[in-house]
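**Q** Quick one: this structure, given as structure tokens, is what I'll be asking you about.
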Amino acid sequence: MKKQLSKAMLAMLVAACFQNAAAAWPERPIRLIVPFAPGGNVDLTARAITPGMSELLGRNFIIDNRAGAGGAVGSEIVATSQPDGYTLLFSSTGSLTIAPVVSTKLRYDPVKDFETINLASNVPVIMLVPLSSPAKTVKEFVAHAKSRGELIMGSSGNFSTGRLAGELFQGITGIKFTHVPYKGGNPAMLDLIGGRIDVMFDQISSAIGHIKGGKVRALAVNATNRSAELPEVLTMKEAGVAGVEAGTFTAMLAPAKTPRAIVTRLNEDMNKVMKTPQVQQNFAKYSAEMIGTTPAASQAFIKAEIEKWRKVVRAANIKEE
């Protein structure tokens with residue numbers, strides 16, 4: 001009985017300490033780990049948001065780029081950090097929803113080891129074909145693929161969002177591609193422009209210059225809404241293929257067991273910052289759709305994305321390298 005009582009008192013004492021810490025937070029700068037190199041989409045999105053959050057919180061956000069293992073290195077650092085609100089993660093699709101279903105070596109769980117604070121943005125994937133393709137629409141492309149047999153699909157890598165978007169498209173339409181993974185999106189795009197591959201699913205932010213420059217043809221965007229940058233391009237659902245939404249989202253997370261008061265404050269401030277004209281203009285530069293929601297909705301989204309990609313990976317028999 002005494003042991004049970006002492007355990008209960010200890011738990012209450014720990015909870016009280018966390019409540020007091022949360023009430024005083026933040027008392028020092030906040031480290032925001034971006035698990036990718038500077039200059040990329042995730043890094044730029046983090047840098048667009050943090051100045052406004054620093055102003056609202058009265059403390060600096062120090063961005064710490066910890067690239068490595070597709071985002072796993074930086075993610076693990078945050079997963080094992082103290083849940084005190086002073087070490088946060090700003091990551092994306094690859095490390096949060098794709099890596100968990102293709103890798104057996106991860107030392108963190110994107111759901112169990114983090115408190116999801118908010119979703120920041122989403123850069124949709126867009127379906128592209130070379131100008132030499134006879135297909136002007138998605139329906140024409142599907143008919144062409146079925147009449148010709150397997151077409152060649154290029155991607156920026158085996159586990160890229162574009163590759164998985166292509167696998168999802170195949171599963172729903174019943175057509176088959178021969179997948180060719182490239183070492184990055186640029187060489188794949190060059191081969192698409194040259195007509196050496198038949199189709200590619202790429203991020204709008206990477207492809208938009210080639211689309212507007214008339215080098216490739218966009219058939220549809222894998223999103224629920226049309227892109228503000230390419231309003232003439234149909235969504236996949238409008239083009240006749242529903243259920244193939246895909247993109248690269250960004251999100252802010254904290255270590256599991258971070259006090260709810262801190263998570264709520266960060267969420268509210270992040271939503272305020274994302275409504276400012278300056279941040280909206282920055283997001284538009286990257287062809288990013290602004291999200292901004294609640295912690296619960298953010299976590300539910302990540303869980304749903306993990307399950308979606310798990311089914312795709314299993315169906316396509318994609319193996320860990």
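**Q** Is any residue of the stretch 290-312 close enough, with backbone N under 14 Å, to a label point placed 7 angstrom from the Cα of residue 69 along the Cα-Cβ axis, and if so, which?
**A** none
**Q** Then there is this: When DSSP assigns beta bridges and you keep just the ones with both residues in the chain, what percent turn out antiparallel, to the nearest 5?
**A** 60 percent
**Q** Here's another thing I want to ask about it. I need the peptides 256-263, 293-300 ranked by packing, meaning the mean over residues of other C-beta atoms within 10 angstrom, with the highest value on top. Can you show the working numbers first?
**A** Working: 256-263: 18.1, 293-300: 16.2.
Sorting 256-263, 293-300 by mean packing, highest first, produces 256-263, 293-300.
**Q** Based on DSSP H assignment, which helices of the chain show an axial Cα extent of at least 30 Å together with a mean Kyte-Doolittle hydropathy greater than or equal to -1.0?
**A** Membrane-span-like by this criterion, though nothing is claimed about a membrane: 2-24, 295-316.
**Q** Per DSSP H run of n ≥ 4, the term is -39500 (n - 2.57); total these for the chain, divide by its residue number, and report the mean residue ellipticity at 222 nm rounded to 500 deg cm²/dmol.
**A** -13500 deg cm²/dmol
**Q** Let me ask you something else. Taking the Cβ of each residue in 202, 84 as the centre, tally the other Cβ atoms inside 10 Å and list the residues starting with the fewest.
**A** Fewest-to-most Cβ neighbours within 10 Å comes out as 84, 202.
**Q** When Rg is the radius of gyration of the Cα atoms in the chain and Rh is its Kirkwood radius, what does Rg/Rh come to?
**A** 1.03
**Q** Project the alpha carbons of the stretch 217-321 onto their principal axes and report the range along each, largest first, in whole Å.
**A** Principal-axis extents of the stretch 217-321 (Cα, largest first): 45, 38, 25 Å.
**Q** Continuing with this model, one more query. Just to verify a number: FRET efficiency for residue 147 and residue 228, C-beta to C-beta distance, R0 = 35 Å, to 0.05?
**A** After rounding, the FRET efficiency stands at 0.50.
**Q** Moving on to the next point. With all pairs of different alpha carbon atoms counted, what Kirkwood hydrodynamic radius in Å does the stretch 124-222 show?
**A** 13.0 Å
**Q** Same structure again: If packing is taken as the average number of other Cβ atoms within 10 Å across a peptide's residues, how do 164-174, 207-217, 310-320 rank, most packed first?
**A** Result, highest mean Cβ count within 10 Å first: 164-174, 207-217, 310-320.
**Q** I'd like the distance between the alpha-carbon centres of the stretch 188-210 and the stretch 277-321, rounded to an integer number of Å.
**A** So the separation of the two Cα centres works out to 21 Å.
**Q** Another question about this same structure. Would you kindly state how much longer the chain becomes between residue 280 and residue 307 on full extension, computed as 0.36 nm times their sequence separation minus their alpha carbon distance, in nm to one decimal?
**A** Result for the pair: 6.7 nm of gain on full extension.
**Q** Let me ask you something else. Kindly work out what percent of the DSSP beta bridges joining two residues of the stretch 124-222 are antiparallel, to the nearest 5.
**A** Restricted to the stretch 124-222, the bridges split so that about 60 percent are antiparallel.
Just so you know, all these numbers are worked out from the coordinates, no wet-lab data involved. No experiment lies behind these values; they were computed from the predicted model shown. Backbone-built Cβ (ideal geometry, glycine too); neighbour counts: all protein chains shown.
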